[in-house]
Amino acid sequence: MQQIIHDAFLQRIFKLQKKFPACLIDGILLTGISNIRYLSGFTGSEGVLILNADEACLLVDGRYKTQAEAEVYGVSVLRYDHKMQCIEKTVKKMGLAKLGFEPAFINVDMYDDLKRRLKNVRLVPLGEELKALRACKDRREIAIMQKAAAIASAAAATLVRDMKPGWTEREAALHLEMTARRTGAEQVAFETIVASGENAALPHAKPSNRKIRHGDFVVVDFGVKYQGYCSDETCTFAIGELTGDQKNAYRAVKCAHDEAIAAVRADAAAAGIDALARRVLGKKYGRYFVHGTGHGVGLEVHEAPRLAQTSPDVLKAGMVVTVEPGLYYPGRWGIRIEDTVVVKKNGCDIMTRMKKDIIIIE
C-alpha cells in the first residue's frame, strides 16, 4: 500500500512536468504548502519544492529534515540554513533558465530577492496553469474526504441531540469541535460558524456569547481535516416553532440546493449551476442570496473549481465541490444549506451525511 501511495505522488509530479513546454518553462518553484504536500507527501508547514523536467528537490529547514526524509519518496531532500541561498544554489544546479512560480505564495520582497539572485533566469508567474492542479481527486483522496465528512457529520448529529435553548453560540461551536476531535479529526478545516437569530444573517459570522433561543434559525457551518483533507457542511436548525415566512424561505433554499445538486455532473458549466440555484430562488428570494453557490474542496477548504456567476470552470469527474445556497435577511435571520459532492460522469455522490430537511430543536 505504501508503495502505491508513493507511486501516486510520483505520477503527480510527472504529470506536472509534462506541462512545462506548454507553460514555456523548464522548471518550477513551488512555495504553496498545499501544492507541495499534494506533489510530494510532505506534511510540514514550510518548505520549497523545485522541479525540472527530470527531478524534484524538496528544501526544508532543520525542523523538518527528518520528517521530510520519512515522508517523501523519489524526491531529494535538502536542509537549508538560509532559504533564499538554497533556492539560488538549487536552481543553478538544476540548470534552469525559465522558472515558473506561484505568485499567490510569493510576496514582493521574496520576488525581488529571487530577481536579484537569479539574474540569468526568467521568472514566469503561473496562475491558471496551476489552478486546476488539485481539482480532480483520485480514489484515495475521495476515500479520505469521505472519512472527514463522516466525522464532521457525526459531530453535527451529536450537537442536534445535545443542544438546548440557552446555549451560547460559542458553547455549541466548542461542543462540535470537541466531539470531532474525539472521533478522529486532526483539526477544524476552518473557523467554525455557529450563528443564531440576527447573527445568522452574516454569512461568515463568528460564534458569540449570544444565547440561542426559541424562534431562532441556527446556521452551523463546520468542517474538519482528516489526513490533511477538508470537509465542509452547513446545516440550519430551527429552535422551536418557526413563522410561516421562515418555513417558506427554508423550503426555497432547500429546493435550490436540491435542484443544483441534481444538475452537478461532468461537463456541466459551474456558472450554469449557480444560475440554476438563483432561478429557483426567483425574484422574491434571490436578492438575499449574496455569495456563490459553491467551491472546490480538498487539501484546502476553498480551491478550484468555483460555482459562481462569473466562473469559467467546467466540472470534471473526480472534482469535489460544495453546493450551498443561502438567504440572509439583515437584522433578522439567515439560512444556508450545504453539502459536499463528488462529481461523476452522469451525476454526483453526496459525501456529507446530515439530512437537510428542517430539524426542529425544542
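No value in this document is a laboratory result; all are computed from the given coordinates. Small disclaimer: the values here were computed from a predicted structure and weren't measured. As a convention, Cβ positions derive from the backbone with ideal geometry for all residues, glycine included, and neighbour counts pool all protein chains shown.
Summary table
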item	result
For segment 226-277, average projected area of the Cα convex hull in nm²	5.7
Segment 139-361: radius of gyration over Cα atoms, expressed as a fraction of 2.2 N^0.38 Å	0.95
Cα-based shape type of segment 2-131, given that a ≥ b ≥ c are square roots of the gyration tensor eigenvalues and the cut on a/c is 1.5	oblate
Cα-projected label distance for Gln11 with Lys92, points at 7 Å along beta-carbon direction, nm	3.9
Modelled FRET efficiency - R0 30 Å, Ala154 with Arg63, Cβ distances, 0.05 increments	0.30
Stretchable slack from Ala317 to His204, in nm (0.36 nm times residue separation minus alpha-carbon distance)	37.7 nm
Net charge contributed by nearby residues that have their C-beta within less than 15 Å of Ala157 (K/R +1, D/E -1)	0
Global geometry of segment 202-315, whether rounded, prolate or oblate, following the gyration tensor of its Cα atoms and the 1.5 cut on a/c	oblate
Charge context of Ile142, other residues only, Cβ under 12 angstrom, K/R +1, D/E -1	+2
Two-decimal log10 I(q)/I(0) for segment 152-259, as the Debye equation yields it once each C-alpha is a single scatterer, q = 0.22, 0.24 Å⁻¹	-1.21, -1.35
For Glu362, Glu129, Glu324, order by how many other beta-carbon atoms lie within 10 Å, fewest first	Glu362, Glu129, Glu324
Alpha-carbon centroids, segment 66-137 and segment 265-330: separation in whole Å	33
The chain, relative contact order [Cα under 8 Å, separation at least 6], %	15
Segment 258-298: C-alpha pair distances exceeding 15 Å, %	40
Taking Lys356, Lys119 and counting other C-beta atoms within 10 Å, the order from fewest to most	Lys119, Lys356
Label-to-label distance, nm, for residues given as Arg213 and Met84 (7 Å Cα→Cβ offset)	5.7
Proxy reagent accessibility, fewest Cβ within 10 Å first, across Val108, Val124	Val108, Val124
GNM flexibility winner over the chain from Ala70, Ala172, Ala156 (Cα, springs under 10 Å)	Ala70
Lys164-Met110 pseudo-label distance in nm [points 7 Å out on the Cα-to-Cβ vector]	5.0
